[in-house]
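**Student:** This is the structure, below, for whatever I ask next.
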Amino acid sequence: MPEIRRTPELDGELVHDWRELIADDPDGSWFAGPDWVLAWWHTLGAGQSGEIAVWRGPDGRAEAVLPLAAVRLRAHPRLPLAAPALTLLGTGAGAADHCGPAARPHRRAEVAAHLADRARRDTLWLPALDPAHADLLPPGARPVTRSACPRADLTDGPDRLGSRDFRAANRRAHRRLAAAGVSFHWLPPGAAGPDLLDDLLRLHRLRREAVAGGASSFGADRLPLHRRLLSAAAPGCGPAFQVARHRDEVVGVLYGFRWADRFAYYQTGWDPRWAAESLGTALVDSAIRNCAAEGVRTFDFLRGREPYKYRFGAVDRTDTGWLLPRGPGGALLSLKHRLRGGA
């Protein structure tokens, strides 16, 4: 039987073991690790009823971790009724991808059995579940959403990504930007201060207003989560930034998470005045090159089929939302996804 923790205040040894589980798993995700899950629970999920199941080996080290939360889900924003459900802790607000437990191969059957037991009476909602965890699903769970998450393979280096014409256009953009006085600076985990998040939010808002009409879920209410991620980062692991400056002014920021040989590109913002010089594309190109120089082998663009991702040679990995309905509330949630044309 696993031990159950019901607080985000975990001891340092368990956090270290959990990080190692994610780093050692070729399908491991930053969003399934302790840094994201615990920071999320402290901030966006504050007050949420959660539990972290931990399986330990003979030496006392954690061999599997399954974070769950009890939530109430609405079938429609206008309906006052909310259905009780069990979900993955750290999902929901904040946009986590490739979610799931962290487990050594020999523990996966126990994790699956525990999840099935917990879902006997409660509706189970597993959003953005990484395909590597499909073997853990209880009988009866069905796919209701799918999200494409393109990723680029940097194994052969950045100079092989995209078409020859695209790479040439990137080189020309970098020359134009350099001539105009724009420089690029890579800040690995631990090198940035919280003020850079304010620059990111400001530039993200400017870009959205100019390019996409202003709609975005990345607002000031998300900053407590990301400030906590910055303050709690382990050496060489966590929030990293690609920054563009025009003289002393920050004109572009790309933000993501580095761990093991992977980087998850989470958010960006840039001054629309530099759109004609392809600043946004140059930010991504610079981040990819700096990641490759540091040994990153997978540059994950996360959810969304934006065309620019595929110009960098990204290939889809698909996350799936799974629902196992229980009771009237679960039936209502199931109907919601059927009406939406679920996966």
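The values are calculated or read from the model by the stated rules, or taken from the named source; none is laboratory data. Note that this is a predicted model, so its numbers are computed, not measured. Ideal geometry is used to build each Cβ from the backbone, glycine not excepted, and the neighbour counts take in all protein chains shown. We work out accessible area using only protein heavy atoms, side chains counted, and drop any ligands, DNA or RNA first. Shrake-Rupley method; radii C 1.70, N 1.55, O 1.52, S 1.80 Å.
**Student:** Along each of its three principal axes, how wide is the spread of alpha-carbon positions in the stretch 18-103, in whole angstrom units, largest first?
**Tutor:** Projected onto its principal axes, the Cα set of the stretch 18-103 covers 50, 22, 20 Å.
**Student:** When only Cα pairs under 8 Å and 6 or more residues apart are kept, what is the percent relative contact order across the stretch 109-224?
**Tutor:** On the way: 34 pairs, mean separation 16.8, N = 116.
It rounds to 14 percent for the stretch 109-224.
**Student:** Stretch residue 109-residue 315 to full length: gain in nm at 0.36 nm per residue minus the Cα-Cα span? Mind dumping the intermediate values first?
**Tutor:** On the way: separation 206, 0.36 × 206 = 74.16 nm, distance 2.99 nm.
Taking 0.36 nm per residue and subtracting the Cα distance, the gain is 71.2 nm.
**Student:** How much accessible surface area, in Å² rounded to 10, belongs to the heavy atoms of residue 30 with a 1.4 Å probe?
**Tutor:** Approximately 10 Å² for this residue.
**Student:** Gain in length, residue 3 to residue 202, computed as 0.36 nm per residue apart minus the alpha-carbon separation, to one decimal in nm?
**Tutor:** Working: separation 199, 0.36 × 199 = 71.64 nm, distance 4.31 nm.
Taking residue 3 through residue 202 to full extension adds about 67.3 nm, to one decimal.
**Student:** If I model a spin label as a point 7 Å beyond the Cα along the Cα-Cβ vector, how far apart are those points for residue 247 and residue 155 in nm?
**Tutor:** Reported label-point gap for residue 247 and residue 155 is 4.7 nm.
**Student:** Taking the Cα centre of the chain as the origin, how large is its charge dipole in debye, to the nearest 20, when only Lys and Arg (+1) and Asp and Glu (-1) carry charge on their Cβ atoms?
**Tutor:** Working: 47 positive and 39 negative charges, 283 e Å.
So the dipole magnitude of the chain works out to roughly 1360 debye.
**Student:** Leaving out ligands and nucleic acids, and using a 1.4 Å probe, what accessible area per residue does the stretch 187-343 come to in Å²?
**Tutor:** Working: 6810 Å² over 157 residues.
Spelled out: the 1.4 Å probe surface of the stretch 187-343, per residue, equals 43 Å².
**Student:** Mind grabbing the base-10 log of I(q)/I(0) for the stretch 200-287 at q = 0.11, 0.22, 0.23 Å⁻¹? Debye formula, identical points on the C-alpha positions, no solvent, two decimal places.
**Tutor:** -0.32, -1.14, -1.21
**Student:** Sorted from largest to smallest, which semi-axis lengths in Å does the alpha carbon gyration tensor of the chain give for its equivalent ellipsoid, taking the root of 5 times each eigenvalue?
**Tutor:** On the way: eigenvalues 254, 102, 73 Å².
So the equivalent ellipsoid measures 36, 23, 19 Å along its semi-axes.
**Student:** Taking 0.36 nm per residue of separation and subtracting the Cα-Cα distance, what length does fully extending residue 70 through residue 217 add?
**Tutor:** Details: separation 147, 0.36 × 147 = 52.92 nm, distance 2.30 nm.
Here the segment from residue 70 to residue 217 would lengthen by 50.6 nm.
**Student:** Hey, what D do you get for the stretch 4-52 in µm²/s if you plug the Kirkwood alpha-carbon radius into Stokes-Einstein at 25 °C and 0.890 mPa s? List each step's numbers first, then the result.
**Tutor:** Numbers: Rh = 11.3 Å.
Result for D is 218 µm²/s.
**Student:** With the contact rule set at Cα under 8 Å and sequence spacing of 6 or more, what percent relative contact order holds for the chain?
**Tutor:** Details: 658 pairs, mean separation 76.9, N = 343.
For the chain, the relative contact order is 22 percent.
**Student:** Rounded to the nearest 0.05, what FRET efficiency do residue 195 and residue 294 have when you use their Cβ-Cβ distance and R0 = 25 Å?
**Tutor:** On the way: r = 23 Å, r/R0 = 0.94.
Calculated value: 0.60.
**Student:** Hey, if we sort 87, 43 by accessible area with the 1.4 Å probe, largest down, what's the order? Before the final figure, lay out each step's value.
**Tutor:** On the way: 87 10, 43 35 Å².
Largest accessible area first, the residues go 43, 87.
**Student:** Rounded to whole Hz and in sequence order, give me ³J(HN,Hα) for the stretch 297-311 from the Karplus expression 6.51 cos²θ - 1.76 cosθ + 1.60, θ = phi - 60°, writing x for Gly and Pro.
**Tutor:** Values per residue, Gly and Pro as x: 10, 10, 9, 9, 7, 6, 5, x, 9, 4, x, 4, 4, 6, 5 Hz.
**Student:** When ranked by the protection proxy of mean other Cβ atoms within 10 Å per residue, highest first, what sequence do the peptides 100-108, 253-261 form? Show your work: numbers first, answer last.
**Tutor:** Values: 100-108: 19.0, 253-261: 22.4.
Averaged packing, sorted descending, gives the order 253-261, 100-108.
**Student:** Find the Rg to Rh ratio for the stretch 143-195, where Rh is the Kirkwood radius over alpha-carbon pairs and Rg uses the same atoms.
**Tutor:** Details: Rg = 16.8 Å, Rh = 15.0 Å.
With Rh from the inverse mean 1/r over Cα pairs, Rg/Rh is 1.12.
**Student:** Among the GluC sites (Glu not before Pro) in the stretch 1-70, which ones are in a DSSP loop with at most 15 other Cβ atoms within 10 Å of the Cβ? Mind listing them? Mind dumping the intermediate values first?
**Tutor:** Values: sites: 3, 9, 13, 20, 51, 63; in loops: 9.
Answer in residue order: 9.
**Student:** Also, I was wondering about something else. Under the rule of -39500 (n - 2.57) per DSSP H run of 4 or more residues, summed and divided by the residues of the chain, what mean residue ellipticity at 222 nm is obtained, to the nearest 500 deg cm²/dmol? Could the numbers behind the result be given before it?
**Tutor:** On the way: 9 runs with 109 residues, N = 343.
Using -39500 (n - 2.57) per qualifying helix, the result is -10000 deg cm²/dmol.
**Student:** Moving on. Mind checking the angle between helix 223-232 and the chain's longest principal axis? C-alpha axes, 0 to 90 degrees, to the nearest 10.
**Tutor:** The answer is roughly 90 degrees.
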